[in-house]
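Reading through the structure tokens given below for one structure.
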Amino acid sequence: MSGQASPAAQEKRAIPGTIVFDGDAAQDGYALNAMCYSFNSEPNRKAFVADEEGYMDRFNLTEAQRQAVRNRDVLGMLAAGGNVYYLAKLAGILGLNVQDLGALQTGMTLEDFKAALLSHAMTETHVADRLGEAA
């Protein structure tokens, strides 16, 4: 055995329209994700709001990560290795919720994104309606 990964194992996973968060992305985004994780603490959230540049310095963010944070560019943060679950911490500081992030990720307006969510929703009423149609 040569010890090398097969060509198939060396290929990157691709999901059309999605930035895949894999091991490489985790390494690239470590500083950004560590900073966002720190926002679990209220004093850290306040410190970020008081001095964003200084706070980013504490975590040694790359210039691409810094620019994405400055521009409130969620897609840029994802491309720079950000994990959406950690970015949600930053989004809260910026006054965004998870639906706002979803809209930004998909390029939809918030209203269109909410409508898309509802069109795929499976609520008790929706299930009851479908069962009634089948009868």
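Taken together, the values in this text are just the output of simple stated rules run on the coordinates, not laboratory data. Quick caveat: nothing in here was measured; it's all calculated off a predicted structure. Because the Cβ atoms are built from the backbone with ideal geometry, glycine has one as well, and the counts that use them run over all protein chains shown.
Odds and ends about this structure:
- A count restricted to segment 35-58 and to residues that are within 15 Å of Gly92 (Cα to Cα) and in contact (Cβ under 8 Å) with a residue 12 or more places away in the chain stands at 10.
- Among residues of segment 81-92 that are among the aromatic types (Phe, Trp, Tyr), those with a Cβ under 8 angstrom from a residue that is surrounded by fewer than 18 Cβ atoms within 10 Å (Cβ to Cβ), sequence gap 6+ or separate chain, pair up as Tyr86/Tyr37.
- When Val49, Val69 are checked against the criterion of being of a type in the set (Val, Ile, Thr), under 16 Å from Tyr37 (Cα atoms) and loosely packed, with under 14 Cβ neighbours inside 10 Å, Val49 stands alone in meeting it.
Residues are listed down the side, and each one gets a yes or a no for (1) among the small types (Gly, Ala, Ser); (2) within 19 Å of Ala25 (Cα to Cα); (3) over 13 Å from the mean Cα position of the chain (by Cα); (4) in a helix (DSSP H, G or I):
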residue	(1), (2), (3), (4)
Leu61	no, yes, yes, no
Leu78	no, yes, no, yes
Tyr86	no, yes, no, yes
Leu96	no, no, no, no
Asp100	no, no, no, yes
Leu117	no, no, yes, yes
